[in-house]
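Below is one structure, written out as structure tokens; comments come after it.
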Amino acid sequence: MQKRASVSKQQDNVTYIDTTPHPPTHPDPSTTLIQALASEPLARLSEFELLQLILQEQETPDIARQLYRRFATLREMEHAGLGELMEIERMTLCKAAALQAAFALGRKIACKPLYRGQTFVSSRDVYLAYAPKLNILEQETFWILLLDQRNRVLKQQQVSQGSINRCTITPREIFTPALREKAVGMILLHNHPSGDPEPSTHDRKLTTQLREVSVLLGIKILDHIVVGDQSYVSFADRGWL
């Protein structure tokens, strides 16, 4: 902070010295992009510019550049822990926390809550509803969507959580909730933390086994969707059901 030049004022034989600190007269460097928002909608800014805003370093985006050198994609950046972010030169705890908070807020917005009676018209609808929730997990998780006779959602339930590349599940875990809810149909859903949604041999064998049991119980499996990083595979779309 700069100080205004001292000025003496004589009053009643007492001398007063003005030492009040005053800010520098040059403009705040953080206003460049913020001022641009007055004429440009936020949606038109690039990923890099949005990152600059979150980190509050509009004119000299050193941290933003380092983040892009360290992490190839925003997805990798999102998965980075606080310790990894703090390894970036000039990164502060406040900036790292703000970045993680922005990613977390985005996930909450994307994860639209399912409600009883909701319907899905395509495998893509199911993928879009669950991808934000499943893509951040480091272990495979297996979910079921239980449906009524009009394919409306009765209940969603996670039935198993496994390792990074395998999720062990039994027909009992799948069909006990379905019988309890009197479901007549279901959609199977699980994620691949590797990012590759291509079903494994185990996935296909398990689906065949579950389909055989479903026929005996009169509960139709409408689809089995494998969620990967920015893509998915639908057993129904491939004609495997």
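The values are calculated or read from the model by the stated rules, or taken from the named source; none is laboratory data. A quick note: this is a predicted structure, and the numbers were derived from the prediction, not measured. Here the Cβ positions follow ideal geometry from the backbone for every residue, glycine too, while neighbour counts run over all protein chains shown.
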Which of the residues spanning the stretch 97-136 are within 15 Å of Tyr232 (Cβ to Cβ), hydrophobic (A, V, I, L, M, F, W, C) and part of a loop (DSSP other than H, G, I, E, B)? Phe120
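Can you tell me how many residues in the stretch 170-208 are among the small types (Gly, Ala, Ser) and either outside the structural domain of Ile225 (by TED's automatic domain parsing) or within 11 Å of Leu154 (Cβ to Cβ) (or both)?
From the stretch 170-208, those among the small types (Gly, Ala, Ser) are 178, 183, 185, 194-195, 200; that's our starting set.
Next, only the ones that are either outside the structural domain of Ile225 (by TED's automatic domain parsing) or within 11 Å of Leu154 (Cβ to Cβ) (or both) stay: 178, 183, 185.
Of the residues in that region, 3 qualify.
So is Glu84 touching a residue at least 40 places away in the same chain (Cβ under 8 Å), within 26 Å of Lys133 (Cα to Cα) and out of contact with any Asp or Glu (no Cβ under 9 Å at 6 or more places or on another chain) or not?
Numbers: touching a residue at least 40 places away in the same chain (Cβ under 8 Å): no; within 26 Å of Lys133 (Cα to Cα): yes; out of contact with any Asp or Glu (no Cβ under 9 Å at 6 or more places or on another chain): yes.
So Glu84 fails the test.
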Give the stretch 86-132 a look and list any residue that's touching a Ser or Thr at 6+ places or on another chain (Cβ under 9 Å) and charged (D, E, K, R), or say none. Arg124, Asp125
What are the residues in the stretch 113-131 that are surrounded by 13 or more Cβ atoms within 10 Å (Cβ to Cβ) and modelled with pLDDT under 85, if any? Leu114
With respect to Leu67, is the statement that it is in the same structural domain as Val226 (by TED's automatic domain parsing), farther than 22 Å from Ile164 by Cα and either buried (at least 16 other Cβ atoms within 10 Å of the Cβ) or of a type in the set (Phe, Trp, Tyr) (or both) true? no
Quick check: is even one residue across the stretch 172-184 touching a Ser or Thr at 6+ places or on another chain (Cβ under 8 Å) and either crowded, with 18+ Cβ neighbours inside 10 Å or of a type outside the set (S, T, N, Q) (or both)? yes
Selection over the stretch 185-195 where residues are touching a strand residue (DSSP E or B) at 6+ places or on another chain (Cβ under 9 Å) and over 13 Å from Ile144 (Cα atoms) yields a count of 1
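Kindly indicate whether Pro132 is free of Cβ contacts under 8 Å to residues at least 40 places away in the same chain and of a type outside the set (Ser, Thr, Tyr). Give the derivation first.
Details: free of Cβ contacts under 8 Å to residues at least 40 places away in the same chain: yes; of a type outside the set (Ser, Thr, Tyr): yes.
Yes, satisfied.
Per-residue answers, yes or no, for (1) surrounded by 12 or more Cβ atoms within 10 Å (Cβ to Cβ); (2) modelled with pLDDT of 85 or more:
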position: Leu105; (1), (2): no, yes
position: Ile136; (1), (2): yes, no
position: Thr141; (1), (2): yes, yes
position: Ile144; (1), (2): yes, yes
Extreme residue, surrounded by the fewest Cβ atoms within 10 Å (Cβ to Cβ), among residues of the stretch 185-234 that are part of a helix (DSSP H, G or I) and touching a helix residue (DSSP H, G or I) at 6+ places or on another chain (Cβ under 8 Å): Leu217
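Residues to consider are Val153, Val159; find the one that is touching a Phe, Trp or Tyr at 6+ places or on another chain (Cβ under 6 Å) and not assigned by TED's automatic domain parsing to the domain that holds Glu76. Break it down stepwise before answering.
Working: Val153 fails: touching a Phe, Trp or Tyr at 6+ places or on another chain (Cβ under 6 Å).
Testing whether each residue is touching a Phe, Trp or Tyr at 6+ places or on another chain (Cβ under 6 Å) and not assigned by TED's automatic domain parsing to the domain that holds Glu76 leaves just Val159.
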Residue satisfying all of: in the stretch 208-227; free of Cβ contacts under 8 Å to residues at least 40 places away in the same chain and under 32 Å from the mean Cα position of the chain (by Cα); farthest from Leu145 (Cα to Cα) among these: Thr208
Given the residues Ala110, Ala101, which is the only one that is of a type in the set (A, V, I, L, M) and either more than 30 Å from Leu55 (Cβ to Cβ) or at pLDDT 90 or above (or both)? Ala101
